[in-house]
Amino acid sequence: MDKLRELPRAAKWLLLLAGAAVLALLVLWLTDRSQAAEQVPKPVIELARGEQCVEDPEIMRRYHQDFLRKQADDTVHGGERVGRHELATCIECHASEVTRSVASANSDFCMSCHIFSGVQVNCFQCHASRPSTTSFIPLSHPSHRNRNTMEQQLREQLAAKQQAQP
């Protein structure tokens with residue numbers, strides 16, 4: 001504090017002005033950030049077709065990946081194909097009216113939020129993103145005798161369905 005008193009009057013004014021400038025820049029920076037946050041497009045979420053979700057929407061937003069992972073473990077390791085948090089149930093309610101999918105367009109249910117939050121969706125590398133009429137489609141017979149033929153048939157069926165949709 002004694003060193004500050006020893007400074008010439010002009011230097012004190014310069015320090016005061018520099019402090020005020022830094023404060024003004026900080027206020028401008030914070031204001032600009034809040035305005036930029038308001039301009040970020042929010043995810044567009046279509047209303048689900050079901051009466052009520054299996055969990056509260058806030059809980060699902062935060063923990064859906066944990067529910068799906070547990071359901072997958074129960075199915076793979078325990079053989080329990082039916083459960084409260086089945087991916088197929090989510091897809092039935094949340095598939096878009098336009099694309100009939102949850103992940104084929106950026107505006108679809110899963111993609112909208114995952115793009116917004118910068119998180120990759122990896123469920124549909126194995127699972128269908130559209131509701132299906134059957135719950136299980138085998139990729140190959142356990143004996144693997146007709147594996148290539150069945151896989152080719154599935155690929156052709158999927159290609160035909162994709163071409164048929166607008």
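Readers should treat all values here as calculations from the given coordinates under stated rules, not as data from a laboratory. The structure presented is a predicted model; accordingly, all values stated were derived computationally and were not measured. Note that we place each Cβ from the backbone using ideal geometry, even for glycine, and neighbour counts take in every protein chain shown.
The alpha-carbon atoms of segment 86-130, seen along their principal axes, cover 24, 22, 14 angstrom, with the largest extent given first. Our coupling estimate for segment 115-122, obtained by passing each phi through the Karplus curve with A = 6.51, B = -1.76, C = 1.60 and θ = phi - 60°, is 5, 4, 8, x, 10, 6, 8, 10 Hz, Gly and Pro reported as x. Compactness of segment 57-135, taken as the C-alpha radius of gyration over 2.2 N^0.38 Å, stands at 1.08. Neighbour counts of other Cβ atoms within 10 Å put Leu25, Leu154 in the fewest-to-most order Leu25, Leu154.
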